[in-house]
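Read through the structure below, which is laid out as structure tokens, and then see the notes.
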Amino acid sequence: MPEFLKLAAQSELPAENEAKEFTVGDKVVCVANVNGTINAIDNVCLHRGGPLGQGMIEGGKVVCPWHGWMWDPETGEASHNPAAKVRVYPLKVESGDVLIEL
Ligand code: FES
């Protein structure tokens, strides 16, 4: 049975075409809103560990604020190299709360 934990209230989610960091337990995740579609990925960029949730969204991708690597929040793949992948976490919304499966 997968365990879903509370990530945030739905009202705290990032605005359209923005990303935001959230802490769940001892983990930090990056939540991206691409044209209203919400996805959660690991916050740690595989290049040098940049905080993806502090990046911007460009062309539907999360842009790492440190050196600009771009990540697809739906698949977790890096744009320049699909073999580089950050984890994507399942989300669901229940009575105004956003839940995440870590
Ligand atoms: S740490 Fe993310 S692009 Fe360098």
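Any read-out appearing in this document is the output of simple, stated calculations on the displayed coordinates, not a laboratory observation. Quick caveat: nothing in here was measured; it's all calculated off a predicted structure. Please note: Cβ atoms are built from the backbone with ideal geometry, for glycine as well, and neighbour counts cover all protein chains shown.
All of 43, 39 fail the test of being surrounded by 15 or more Cβ atoms within 10 Å (Cβ to Cβ), over 12 Å from residue 100 (Cα atoms) and touching a Pro at 6+ places or on another chain (Cβ under 8 Å), apart from 43. For the stretch 68-102, a residue qualifies if it is assigned to a strand (DSSP E or B), acidic (Asp, Glu) and within 13 Å of the chain's Cα centre (by Cα), and the qualifying residues are 77, 101.
Among the residues that make up the stretch 19-39, is at least one of them in contact (Cβ under 8 Å) with a residue 60 or more places away in the chain and within 16 Å of the ligand (Cβ to nearest atom)? Within the stretch 19-39, one or more residues are in contact (Cβ under 8 Å) with a residue 60 or more places away in the chain and within 16 Å of the ligand (Cβ to nearest atom).
Just to check your reading of the model, which residue among 77, 16 is without any contact (Cβ under 8 Å) to a residue 12 or more places away in the chain, acidic (Asp, Glu) and either surrounded by 15 or more Cβ atoms within 10 Å (Cβ to Cβ) or touching a strand residue (DSSP E or B) at 6+ places or on another chain (Cβ under 6 Å) (or both)?
It is 77.
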